[in-house]
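We did not get these values from a lab; they are worked out from the coordinates using the rules stated. Everything numeric in this text was worked out from a predicted model, so none of it was measured.
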Amino acid sequence: MLADEGLGQLQNFEFPLDGQTHCNEWYTQYWLVILTIMMIAMLIIFGNVLVEVAVQAGSGMTRPVNE
């Protein structure tokens, strides 16, 4: 339905049995789940960068072993 008629029709479609717009609710929930997953991935990436910077800074403060 989304591909054939567009987002406007999907958001306004009411089911005949109960008159509810379940498609709109599903579409909203779908994008909330996708956004949550993306935010968790970005948080992991940001955390990894912070750990890498901390490790690099920490290793720069130690003296070389071969001296």
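Grab the Cα-Cα distance for Ala54 and Met38, subtract it from 0.36 nm times how many residues apart they are, and report the gain in nm with one decimal.
That works out to 3.3 nm of additional length.
Could you run the Karplus curve 6.51 cos²θ - 1.76 cosθ + 1.60 with θ = phi - 60° over the range 27-38 and give me ³J(HN,Hα) per residue in whole Hz, x for Gly and Pro?
5, 5, 5, 4, 6, 5, 5, 4, 5, 4, 4, 5
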